[in-house]
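The structure appears below as structure tokens.
Please treat every number below as a calculation from the coordinates, not as lab data. Note that the structure is predicted; figures quoted are calculated from it, not measured. With ideal geometry, Cβ positions are generated from the backbone for all residues, glycine too; neighbour counts draw on all protein chains shown.
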Amino acid sequence: MLAISANSPYLFGKDLWDETRIPLFEQSVEIGGPGKRRVCFGYGYLQQSLMECFAENLAEYPALLPLVNDAPAEKLAHLKFHNGTIWRWNRPLIDFDKSNKPHLRIEHRVVPAGLSIADCFANAAFYYGLSHGLSLHHETVSDCLAFDAAKKLL
């Protein structure tokens with residue numbers, strides 16, 4: 001999905017390599033220092049739950065802006081803020097709806113990467129079709145496509 005939808009070989013009026021937006025975005029917010037890159041495709045498939053990603057964030061990424069927040073712990077303000085400083089192309093988010101019920105969702109950053117509204121709709125149609133097609137198979141994506149192979153498609 002990322003290789004197809006976000007592909008843009010043009011930058012500042014120059015015809016460059018196959019993809020420019022991904023490395024440009026990765027470099028624009030790269031802070032250097034210890035830990036993993038804050039902008040990335042990811043480092044592997046999750047094995048059990050989305051909580052693995054939140055645990056990795058806590059273990060691998062230092063806080064950019066250590067803030068004191070007076071919000072009650074059950075509002076998860078620190079978790080939401082810290083997670084907001086890490087930009088995976090597929091990022092799990094935790095939030096609360098209008099009735100204050102917590103929910104998890106996946107921010108799939110590729111769909112809005114199109115150059116026009118028509119491109120964004122085409123990206124979404126492709127994504128939903130691909131997701132539906134993959135859901136009909138009994139094997140998991142990790143059984144069919146190794147994570148490193150998926151990453152090389154970029």
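A few comments on the model shown:
- Each Cα pair of the stretch 70-120 feeds into the Kirkwood radius, which the Stokes-Einstein equation turns, at 20 °C and 1.002 mPa s, into a diffusion coefficient of 168 µm²/s.
- Out-of-range pairs (alpha-carbon distance over 20 Å; input Lys75/Lys98; Lys36/Lys152; Lys80/Lys101; Lys36/Lys101): Lys36/Lys101
- Net lengthening on full extension, Trp87/Ala125 (0.36 nm per residue, minus Cα-Cα): 11.4 nm
- In this calculation the C-beta distance from Asp148 to His78 is compared with R0 = 25 Å, giving a FRET efficiency of 0.15.
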